[in-house]
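A.B. asks: Below is a structure I'd like to ask you about.
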Amino acid sequence: MKTFKTIFFITIAAAFFIAANAQTTKTGTTSAQVLKLNVGPRAIGMGGAFTSVADDITSLYWNPAGSANIESNEAYFNHTALYLGINYDYSAIATNVRGFGTVGAFVSVLSSDDMQVRTVDQPEGTGEFFNYGAIVVGLNYSRFLTENFSIGFNAKYINESIWHMSATGFAIDVGTLYKIQVLNELRIAASVSNFGTKMQMSGRDAIVNFPAGAGGANLVNANLDMDKFDLPLLFRFGISADVIKDGTSRLTTAVDAIHPNDHTEYLNTGLEYAWNEIVHVRAGYNSLFEKDSEKGLTLGFGLYYRIVDLIKVKLDYAYQDFGRLKDVHYFSVGINF
């Protein structure tokens, strides 16, 4: 008991130390923004207040300790058409190994439509096209240290590319989740995401030619020294409770406090109503109190249906208001087997 309490409070203290020392004046200066794109219509429909709710495969993104709640095997996929021709895909699989814990793997891919290459001399386009892309590949491990306390870890490889340039980085996530048997079930959780290396672009687009010699007849190749940028470090602290839980109905409320290293702090709030754990209705508000936020109201629903005793299909949908940008609709399909 003392061991898991020590781990829990050390994690909380470390996260608060990181948050207290993170700068909030670096808006737009971190790399790998793909790491900040939320995953899963269930969590998004709840306004992103999912750190302490995390009990399915999407917890690999929100709180790696939550995957310890997976009792068998889960597979998951979602595709989202974001704004401005940006597409985001996420897939994951996890399995519970009795006596060892839960192990999982995930891949997320961000891609854009082709865009014209424009220069000062050819503002209408050179006839060439470029695009932007990013990929994240990760492994997860989690387990219960006691009946009510779990801890989890992610290790991630990150790659970003734009035209002929690319950057690579590595990061880890750490999360804890503690359940208290009051109010049906009160959950307290914390996670630190994207603690890792800086990323630096390199490639042939950083090579420039300088004239040298008499009359500039010779050309000297040189490499531009590109800046290194931090990863978007996120600290999440969440509390949730099942305020109603009887034979057929469950109502879960949740709130998360988030501290990023590249922007201001904000809150996510949400709730989920479930009937017989088959029909789910969700609502929430994302990025409350965040400076210059374009996010806001979220809504969602889910249908979980057991085909046979060992196979359950999960279909989820969420809507998110992005202010001046277009509304975004999220869809996902998952399977428990």
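The values are calculated or read from the model by the stated rules, or taken from the named source; none is laboratory data. Owing to the predicted nature of the structure, the values given are computational and were not obtained by experimental measurement. Cβ: placed from backbone, ideal geometry, glycine included. Neighbour counts: every protein chain shown.
A.B. asks: Here is a list of conditions, (1) surrounded by fewer than 15 Cβ atoms within 10 Å (Cβ to Cβ); (2) modelled with pLDDT under 95; (3) out of contact with any Ser or Thr (no Cβ under 6 Å at 6 or more places or on another chain), and LYS198 meets all of them except one; can you say which number that is?
C.D. replies: Of everything listed in (1) surrounded by fewer than 15 Cβ atoms within 10 Å (Cβ to Cβ); (2) modelled with pLDDT under 95; (3) out of contact with any Ser or Thr (no Cβ under 6 Å at 6 or more places or on another chain), LYS198 misses just condition (2).
A.B. asks: How many residues are in a strand (DSSP E or B) and either surrounded by 15 or more Cβ atoms within 10 Å (Cβ to Cβ) or of a type in the set (Phe, Trp, Tyr) (or both) when one looks only at the range 284-314?
C.D. replies: Filtering the range 284-314 down to residues in a strand (DSSP E or B) leaves 284-288, 297-308, 311-314.
Cutting the leftovers down to either surrounded by 15 or more Cβ atoms within 10 Å (Cβ to Cβ) or of a type in the set (Phe, Trp, Tyr) (or both) gives us 284-288, 298-302, 304-305, 312, 314.
Looking only at that region, the number is 14.
A.B. asks: With the requirement that a residue be among the charged types (D, E, K, R) and in contact with a helix residue (DSSP H, G or I) (Cβ under 6 Å, 6 or more places away or on another chain), what does the range 294-337 give you? Reasoning before the result, please.
C.D. replies: Filtering the range 294-337 for residues among the charged types (D, E, K, R) gives 294-295, 306, 309, 312, 314, 316, 321, 324, 326-327.
Matches in the range 294-337: ASP316 only.
A.B. asks: Hey, another quick one. Which one of GLY152, GLY238, GLY196, GLY203 is touching a Leu at 6+ places or on another chain (Cβ under 7 Å) and not hydrophobic (A, V, I, L, M, F, W, C)? Working first, answer last.
C.D. replies: Details: GLY152 fails: touching a Leu at 6+ places or on another chain (Cβ under 7 Å); GLY238 fails: touching a Leu at 6+ places or on another chain (Cβ under 7 Å); GLY203 fails: touching a Leu at 6+ places or on another chain (Cβ under 7 Å).
Just a single option satisfies the conditions, and that option is GLY196.
A.B. asks: Looking at the structure I just gave you, is THR253 touching a Ser or Thr at 6+ places or on another chain (Cβ under 8 Å), part of a strand (DSSP E or B) and of a type in the set (Val, Ile, Thr)? Show your work before the answer.
C.D. replies: On the way: touching a Ser or Thr at 6+ places or on another chain (Cβ under 8 Å): yes; part of a strand (DSSP E or B): yes; of a type in the set (Val, Ile, Thr): yes.
Spelling it out, THR253 is indeed touching a Ser or Thr at 6+ places or on another chain (Cβ under 8 Å), part of a strand (DSSP E or B) and of a type in the set (Val, Ile, Thr).
A.B. asks: Taking VAL120, is it under 30 Å from ALA68 (Cβ atoms) and out of contact with any helix residue (DSSP H, G or I) (no Cβ under 6 Å at 6 or more places or on another chain)? I'd like the intermediate steps shown before the answer.
C.D. replies: Details: under 30 Å from ALA68 (Cβ atoms): no; out of contact with any helix residue (DSSP H, G or I) (no Cβ under 6 Å at 6 or more places or on another chain): yes.
So VAL120 fails the test.
A.B. asks: Could you list, in sequence order, the residues of the range 128-144 that are modelled with pLDDT of 95 or more and of a type in the set (A, V, I, L, M, F, W, C)? So that I can check it myself, show each step before the final result.
C.D. replies: Looking only at the range 128-144, we keep the residues that are modelled with pLDDT of 95 or more, and these are 134-144.
Selection gives ALA134, ILE135, VAL136, VAL137, LEU139, PHE144.
A.B. asks: Determine whether VAL192 is farther than 29 Å from GLY104 by Cα and either in a strand (DSSP E or B) or of a type in the set (A, V, I, L, M, F, W, C) (or both). Don't jump to the end; show me each part of the working.
C.D. replies: Numbers: farther than 29 Å from GLY104 by Cα: no; either in a strand (DSSP E or B) or of a type in the set (A, V, I, L, M, F, W, C) (or both): yes.
Spelling it out, it is not the case that VAL192 is farther than 29 Å from GLY104 by Cα and either in a strand (DSSP E or B) or of a type in the set (A, V, I, L, M, F, W, C) (or both).
A.B. asks: Working carefully through the options ALA206, ALA222, ALA212, find the one that is more than 28 Å from the chain's Cα centre (by Cα), surrounded by fewer than 17 Cβ atoms within 10 Å (Cβ to Cβ) and more than 30 Å from GLU160 (Cα to Cα).
C.D. replies: Numbers: ALA206 fails: more than 30 Å from GLU160 (Cα to Cα); ALA222 fails: more than 30 Å from GLU160 (Cα to Cα).
So the residue among ALA206, ALA222, ALA212 that is more than 28 Å from the chain's Cα centre (by Cα), surrounded by fewer than 17 Cβ atoms within 10 Å (Cβ to Cβ) and more than 30 Å from GLU160 (Cα to Cα) is ALA212.
A.B. asks: Let me ask something else about it. Taking the conditions exactly as written (at pLDDT 90 or above, closer than 19 Å to ASP55 by Cβ and touching a strand residue (DSSP E or B) at 6+ places or on another chain (Cβ under 8 Å)), does ALA190 satisfy them or not? If you could, list the steps in order and put the result at the bottom.
C.D. replies: Numbers: at pLDDT 90 or above: yes; closer than 19 Å to ASP55 by Cβ: yes; touching a strand residue (DSSP E or B) at 6+ places or on another chain (Cβ under 8 Å): yes.
Yes.
A.B. asks: Kindly provide the set of residues from the range 315-328 that are in contact (Cβ under 8 Å) with a residue 60 or more places away in the chain and assigned to a strand (DSSP E or B), ordered by number.
C.D. replies: The answer is ASP316, TYR317, ALA318, TYR319, GLN320, VAL328.
A.B. asks: Yes or no: GLU277 more than 13 Å from ARG42 (Cβ to Cβ), outside any strand (DSSP E or B) and of a type in the set (D, E, K, R)?
C.D. replies: On the way: more than 13 Å from ARG42 (Cβ to Cβ): no; outside any strand (DSSP E or B): yes; of a type in the set (D, E, K, R): yes.
No, not satisfied.
A.B. asks: In this structure, does ASN268 turn out to be more than 19 Å from ALA54 (Cα to Cα) and touching a residue at least 60 places away in the same chain (Cβ under 8 Å)?
C.D. replies: Spelling it out, it is not the case that ASN268 is more than 19 Å from ALA54 (Cα to Cα) and touching a residue at least 60 places away in the same chain (Cβ under 8 Å).
A.B. asks: Can you spot a residue in the range 120-129 that is surrounded by 13 or more Cβ atoms within 10 Å (Cβ to Cβ) and among the hydroxyl-bearing types (Ser, Thr, Tyr)?
C.D. replies: No, there is no match, as no residue in the range 120-129 is surrounded by 13 or more Cβ atoms within 10 Å (Cβ to Cβ) and among the hydroxyl-bearing types (Ser, Thr, Tyr).
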